[in-house]
Amino acid sequence: MRYMTAETAEAASSALAAEPGLARVLAGGTDLLVQLKAGMIRPDLVVDIKKIPGIREITAENGGWRIGAAVANAELKEHPGVKADWPGVVEGANLIGSTQVQGRCTMAGNLCNGSPAADAVPGLVAADASVTVVGPSGTRVVKVADIPAGPGRTTLAKGEIVTAIHLPAKAARSSDAYLRFIPRTEMDIAVAAAAVSLTLSEDGTITAARVALGAVAPKVVLADASTIIGTKLDDAALAALAKAAEAVCNPIDDKRGTIEFRTSTAGVLARRAAVIAYNRAKGVK
Amino acid sequence: MALDDQKRAFKYVGTTPNRPDGVDKVTGKAQYGADITAPGMLMGAVLRSPHPHARIVSIDTSAAEAMPGVRAVVTGKDFPAVEDQGFADIGETCMARDKVLYDGHPVAAIAATTPAIAKAAIRAIKVEYAPLPHVTDVDEAMLPDAPVVLEGRALEHVPAGMSQNVTNTCEFGHGDLEAGFTKADLILERSFKVGAAHQGYIEPNACMASYAADGRADLYCCTQGHFFVRAVCSALMGMEASQLRVTASEIGGGFGGKTTVFVEPVALMLSKKSGRPVKLVMTRDEVFKATGPTVHASVDCKIGMTKDGRITAGDMTLRYSGGAWPSGTIEMGAQAGFAAYDMPAVRTLGWTALTNRPKEISYRAPGAPQAVYAVESLIDEMCQQLGLDPVETRLKNAARKGTLSSYGVTFDDIGMVATLEAAKAHPHWSAPLGPNQGRGIAAGFWFNFGGNTCVSLNINADGTASVTEGNPDIGGSRASISLMAAEELGIPYDNIRTIVADTASLGYNDNTDGSRVTFAVGLATIKAARAAIKVMCDRAAAMWGIDAEAVEWIDGAAVPAGPNAGKFPPMSLAEIAAMSFQTGGPIAGHHEVNVDGAGVSFGVHICDVEVDPETGHTLVTRYTVAQDAGKAVHPTYVEGQMQGGAVQGIGWALNEEYIYGRDGRLQNAGFLDYRIPVASDLPKIDTVILEIPNPGHPYGVRGVGETPIVPPLAAVTNAVSRAIGKRMYQVPMSPPRIMTTIKGK
């Protein structure tokens, strides 16, 4: 196995593209090192991207935020601006692993690992975030929702790496929230998850909303948010949202949960996350 | 045993000094199984079966053997045949012979100069398997047409015509069942299922073996009993026990799981073939797949009760599977099930069957939690139906001194009533509950054991003492043993050093199991101290020129016994020790015994839970343990045992279980999906230590380590069932199972 430190995104991309064998990107390493030590993968090349200029920085951009691909999730939690604008994104990112893991792991890594249960991803999709992708055929900006392709798979081409995540400008009277279900209280993986991002009019009517579900389909899925748009999130709207969430679920039956359990829990979580986001948007603690 | 011994005022016993192994453990100096190294040492790796059940057609190791750095390859053919069936079964769990019997069963092992070469060589071994039909569930394994795991292993008294997987049956009880049920106002019969739980020790199994050219060998390993390791490994290697010296490392948890061997014989054979020391360390994945969890169980329980809560009869059928080899755990389950109660009529019928799972090994009170869970759950359901208080009902039926137990023993002084009264009096029992919360209570019982024990106690010339014992310290036993030696000798705790000696340095000691060490090794230590005291009194008598019988030992010193013996000031242990070279040589005491008289122990647990009615998520919000400990030698460690057992039981009740797929492979071989509780899952576990002296020990000590895992399965079940208003009949109560019950499907 060869290890290289890339000084630029282009250098990282060329090395990854040129490797005939198995190549892997190292940022936080919280997936890669575990897989390596467990003998699950035996890569021929590991490219460390942490030395690329700007890749570990959070910067204001177009009213929103640019988050470098190697920014650790714990740094998001300590960034007042990002936390104020996108509390749901930040709470999702900081449910991953333990405190120690959160000091290393990254949202970009969570996204590129391709797990349907990735805790950072539904919040980004609900926020309608994008990523910058650098690859052999140039640089492109892609919606986060378009990166996952299925369990362990992404739409990134050989040699392509994510260099930054872009959170859009937060609208007035908007907020978001993320909830996941785990049997324990921490150190676990989502059995079902829901992120809700919404914007209110001055009278508290929902004018825009996005609802993203995790761990209930081969990749993150959006539920029909028109069920709550135009409402003040009354009981009927919440019930309709839960039904809409259940409708898009296509989970597997496995050791972590049954199809029926995952589906009903996704509905419950969507409903509860919507209430939290709604209260946050209204400024209610 | 003299009663005044048990009423004595203790000076050191009952205090809570720091453990002697504490500094090394918190500073990282303690040597665990994987920390032992030797010059020229090779690293081992094991190839394991991906099939739950298959015939081994061929194993081709030629490519692996040809790899540079590979020094030895071992398969089942390298081990000689062993006459003792128990040892042969253990040997086969360590290395398959003709068939693989579970997912993860070892088929070959490599020793190489680096771990990377060993792993690469493992991948170069070619094994041809002929897969066979498999069975992983005990109820399915007992069906007449089930795939047969092993043939010809049923004991003679097993009725003909059953599946060959059924290897044993047992029955206990007394009284007229039919008459008992006739007197009942309510008879309920329910079926229960209990998943297999792993001990979940943090330190993976590890060892280092060094086999010398002259046929002698040394083995270092993390184990709960290095004398047993010597017995089984020497048998499997075809060597004399005296030629194998086993040293126990520090141990990072065992809970019964390290009372056998999984890697040690393989490391020894690799070392014998390579002529080099070999280290073998399991990964967590290997620990889950190929060391023993508990039995899994299926239980039918029937109880008759009068309107006012008197149990008139109990009848239970238990079906246990301990994996692919015969298991005796069913007998302990069948004996323990109804043991907490005074039953006019009782029967427990046990069956054990083979499945394609790893060989079960002990886990804290092996067999008891599964049986007691059924009884305690059913009693709670009957209390609900009859509108009875669950504590009063248990008090009405509690076993007492003189009760003929369900397994045939008549109880001496026991603490069942006292623990129930303690639970009833605890503020927890009457505290208010919030919405979606429920409270459960359950009792539990464990036998406790004594066994073979050998202790040497040496008085040092500087006035201190060294205790040499042979049981790996898994729960603070060196501290407890030092306290008892200090108490008996009358010198400070800090002046005692207790060490765990290797198998060449001491007579045979049974495993650290059965909650036996503080009781049995403590007893032998007290007797060894008394033997040393006798020598010291003799020396003082000689120096004073009086009869040896005229000297007593009081507060760490020899004193003349009464005015007629002569007027001499007390001669301290330090003074006698300092003169020892001039008065006859070094001073020591020994005691060797097969200890009897372990007192049974009872516990009562109260559990509060809050259940999310929409997701089934369950949080334990309050938990209290009341248990009879006999004399608590080191109360903090007694409390630790009670809390630890409760926590392991809570994990089992809510999430922990071996999950097998339709393909017969283990689905959750890791701590991510085998969910033991994390700290934030738990409330403070409150404890009430009751000290009802055990008549079988000089200080009244009882074992405490196992009883606390017995009540939690039912305590948590009763709490969840009361919180959701419907009864749960299976553990673990995973959120999907709770939701299925809530939705009434």
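The values are calculated or read from the model by the stated rules, or taken from the named source; none is laboratory data. Quick caveat: nothing in here was measured; it's all calculated off a predicted structure. Neighbour counts are summed over all protein chains in view; Cβ atoms, including those assigned to glycine, are modelled from backbone coordinates with ideal geometry. All accessible areas refer to the heavy atoms of the entire protein, side chains included, with ligands and DNA or RNA removed. Shrake-Rupley method; radii C 1.70, N 1.55, O 1.52, S 1.80 Å.
For segment B:12-21, the criterion of being of a type in the set (Phe, Trp, Tyr) and over 30 Å from B:Ile689 (Cα atoms) is met by none of the residues. Do we have any residue at all in segment B:244-251 that's over 27 Å from B:Glu706 (Cβ atoms) and in contact with a strand residue (DSSP E or B) (Cβ under 9 Å, 6 or more places away or on another chain)? The answer is yes, given that some residue of segment B:244-251 is over 27 Å from B:Glu706 (Cβ atoms) and in contact with a strand residue (DSSP E or B) (Cβ under 9 Å, 6 or more places away or on another chain).
Looking only at segment B:617-630, count how many residues are among the hydrophobic types (A, V, I, L, M, F, W, C), in contact with a Gly (Cβ under 9 Å, 6 or more places away or on another chain) and in a strand (DSSP E or B). Walk me through how you get there before you give the answer.
The first filter runs over segment B:617-630 and keeps only residues among the hydrophobic types (A, V, I, L, M, F, W, C), leaving B:619-620, B:625-626, B:629.
Restricting the remaining residues to those that are in contact with a Gly (Cβ under 9 Å, 6 or more places away or on another chain) gives B:625-626, B:629.
Cutting the leftovers down to in a strand (DSSP E or B) gives us B:625-626.
Total meeting the criteria: 2.
Just to verify a result, which residue in segment B:523-572, among those that are open to solvent by less than 60 Å² (accessible area, probe 1.4 Å) and in contact with a Ser or Thr (Cβ under 7 Å, 6 or more places away or on another chain), is nearest to B:Ala598 (Cα to Cα)? This residue is B:Ala524. State which residue is farthest from B:Glu140 (Cα to Cα) when the search covers only segment B:290-309 and only residues that are buried (at least 24 other Cβ atoms within 10 Å of the Cβ) and of a type outside the set (Val, Ile, Thr). Selected residue: B:Met305.
The residue pairs whose first member lies in segment B:65-77 and is among the polar types (S, T, N, Q), whose second member is open to solvent by less than 20 Å² (accessible area, probe 1.4 Å) and part of a strand (DSSP E or B), and whose beta carbons are closer than 9 Å, counting only pairs six or more residues apart or on different chains, are B:Thr75/B:Val107; B:Thr75/B:Ala108; B:Thr75/B:Ala109. Kindly state which strands (runs of 3 or more DSSP E) lie completely within segment B:446-526 and contain at least 1 residues that are touching an Asp or Glu at 6+ places or on another chain (Cβ under 7 Å). Because the criterion is at least 1 residues that are touching an Asp or Glu at 6+ places or on another chain (Cβ under 7 Å), the strands (runs of 3 or more DSSP E) in segment B:446-526 that meet it are B:451-459, B:496-500. In this structure, does B:Thr312 turn out to be surrounded by fewer than 24 Cβ atoms within 10 Å (Cβ to Cβ) and out of contact with any Cys (no Cβ under 7 Å at 6 or more places or on another chain)? For B:Thr312, the condition - surrounded by fewer than 24 Cβ atoms within 10 Å (Cβ to Cβ) and out of contact with any Cys (no Cβ under 7 Å at 6 or more places or on another chain) - is met.
Does any residue of segment B:573-593 turn out to be open to solvent by 100 Å² or more (accessible area, probe 1.4 Å), under 27 Å from B:Phe519 (Cα atoms), touching a residue at least 40 places away in the same chain (Cβ under 8 Å) and out of contact with any Asp or Glu (no Cβ under 9 Å at 6 or more places or on another chain)? Give the steps one after another, and end with the answer.
Narrowing segment B:573-593 to residues open to solvent by 100 Å² or more (accessible area, probe 1.4 Å): B:581-582, B:586, B:592.
Filter again for under 27 Å from B:Phe519 (Cα atoms), leaving B:592.
If we keep only those that are touching a residue at least 40 places away in the same chain (Cβ under 8 Å) as well, we get B:592.
The next check asks that each one be out of contact with any Asp or Glu (no Cβ under 9 Å at 6 or more places or on another chain); those that pass are B:592.
Yes.
Restricted to segment B:459-476, and to residues there that are open to solvent by less than 10 Å² (accessible area, probe 1.4 Å) and in contact with a Ser or Thr (Cβ under 7 Å, 6 or more places away or on another chain), the residue that is nearest to B:Glu552 (Cα to Cα) is B:Val467.
Whenever a residue of segment B:41-62 is modelled with pLDDT of 95 or more and of a type in the set (Val, Ile, Thr), its partners that are in a loop (DSSP other than H, G, I, E, B) and surrounded by 19 or more Cβ atoms within 10 Å (Cβ to Cβ), lying with C-beta atoms within less than 6 angstrom and at least six residues away or across chains, give the pairs B:Thr61/B:Ile125.
Taking every residue in segment A:32-61 that is away from chain B (no Cβ under 14 Å) and at positive phi and pairing it with any residue that is open to solvent by less than 70 Å² (accessible area, probe 1.4 Å) and part of a strand (DSSP E or B), at least 6 positions away or on another chain, the pairs with Cβ-Cβ distances below 6 Å are A:Gly54/A:Gly68. For first residues located in segment A:174-199 and aromatic (Phe, Trp, Tyr), partners that are open to solvent by 20 Å² or more (accessible area, probe 1.4 Å) and lie 6+ apart or on another chain with Cβ distances below 8 Å form the pairs A:Tyr178/A:Glu91; A:Tyr178/A:Leu95; A:Phe181/B:His617.
Scanning segment B:253-280 for residues that are open to solvent by 20 Å² or more (accessible area, probe 1.4 Å) and closer than 23 Å to B:Asp513 by Cβ yields a single hit, B:Phe255.
Right, A:Leu111: modelled with pLDDT of 95 or more, part of a helix (DSSP H, G or I), under 23 Å from A:Ser14 (Cα atoms) and open to solvent by less than 30 Å² (accessible area, probe 1.4 Å) or not? Yes. All conditions but one from (1) open to solvent by less than 40 Å² (accessible area, probe 1.4 Å); (2) out of contact with any helix residue (DSSP H, G or I) (no Cβ under 8 Å at 6 or more places or on another chain) apply to B:Ala209; the one that does not is (2).
Output the residue which, of all residues in segment A:250-285 that are of a type in the set (Val, Ile, Thr) and more than 21 Å from A:Gly150 (Cβ to Cβ), is surrounded by the fewest Cβ atoms within 10 Å (Cβ to Cβ). So that I can check it myself, show each step before the final result.
Quick first cut of segment A:250-285, residues of a type in the set (Val, Ile, Thr) only: A:252, A:258-259, A:263, A:265, A:268, A:275-276, A:284.
So of that shortlist, the ones also more than 21 Å from A:Gly150 (Cβ to Cβ) come out as A:265, A:268, A:275-276, A:284.
Values: A:Thr265: 33, A:Val268: 20, A:Val275: 16, A:Ile276: 19, A:Val284: 8.
Here the residue is A:Val284.
Every condition in (1) open to solvent by 40 Å² or more (accessible area, probe 1.4 Å); (2) more than 23 Å from B:Pro472 (Cα to Cα) holds for B:Ser505 except the one numbered (2).
Give B:Ala64, B:Ala38, B:Ala120 a once-over and let me know the one that is touching a strand residue (DSSP E or B) at 6+ places or on another chain (Cβ under 7 Å) and surrounded by 18 or more Cβ atoms within 10 Å (Cβ to Cβ). After ruling out the rest, the residue left standing is B:Ala64.
Here is a yes/no grid of residues against (1) among the hydroxyl-bearing types (Ser, Thr, Tyr); (2) under 24 Å from the mean Cα position of the chain (by Cα); (3) at positive phi; (4) not in a loop (DSSP other than H, G, I, E, B):
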| position | (1), (2), (3), (4) |
| --- | --- |
| B:Val261 | no, yes, no, no |
| B:Leu270 | no, no, no, yes |
| B:Gly309 | no, no, yes, no |
| B:Gly314 | no, no, no, yes |
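Results for (1) farther than 29 Å from A:Gly257 by Cβ; (2) within 17 Å of the chain's Cα centre (by Cα); (3) within 14 Å of chain B (Cβ to nearest Cβ); (4) open to solvent by less than 20 Å² (accessible area, probe 1.4 Å), shown as yes or no for each residue.
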residue: A:Pro151; (1), (2), (3), (4): no, yes, no, no
residue: A:Lys158; (1), (2), (3), (4): yes, no, no, no
residue: A:Ile161; (1), (2), (3), (4): yes, yes, no, yes
residue: A:Ser174; (1), (2), (3), (4): yes, no, no, yes
residue: A:Ile189; (1), (2), (3), (4): no, yes, yes, no
residue: A:Ala192; (1), (2), (3), (4): no, yes, yes, yes
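Filtered by the rule that a residue be open to solvent by 10 Å² or more (accessible area, probe 1.4 Å) and more than 28 Å from B:Val148 (Cα to Cα), segment B:341-380 gives B:Asp342, B:Pro344, B:Arg347, B:Arg364. If we scan segment B:564-578, do we find a residue that is in a loop (DSSP other than H, G, I, E, B), within 25 Å of B:Phe411 (Cα to Cα), at pLDDT below 95 and more than 14 Å from chain A (Cβ to nearest Cβ)? No - not one qualifying residue is present in segment B:564-578.
Which of the residues that make up segment A:180-214 are in contact with a Gly (Cβ under 9 Å, 6 or more places away or on another chain) and part of a strand (DSSP E or B)? Once the filter is applied, which keeps residues that are in contact with a Gly (Cβ under 9 Å, 6 or more places away or on another chain) and part of a strand (DSSP E or B), segment A:180-214 yields A:Arg180, A:Phe181, A:Ala192, A:Ala193, A:Ala194, A:Ala195, A:Val196, A:Ser197, A:Ile206, A:Thr207, A:Ala212, A:Gly214.
So that you can scan it fast, the table gives a plain yes or no per residue for (1) more than 20 Å from the chain's Cα centre (by Cα); (2) more than 14 Å from chain B (Cβ to nearest Cβ); (3) charged (D, E, K, R):
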{"residue": "A:Lys170", "(1), (2), (3)": "no, yes, yes"}
{"residue": "A:Ser197", "(1), (2), (3)": "no, yes, no"}
{"residue": "A:Leu200", "(1), (2), (3)": "yes, yes, no"}
{"residue": "A:Ala209", "(1), (2), (3)": "no, yes, no"}
{"residue": "A:Leu213", "(1), (2), (3)": "no, yes, no"}
{"residue": "A:Pro218", "(1), (2), (3)": "no, yes, no"}
{"residue": "A:Ala225", "(1), (2), (3)": "no, yes, no"}
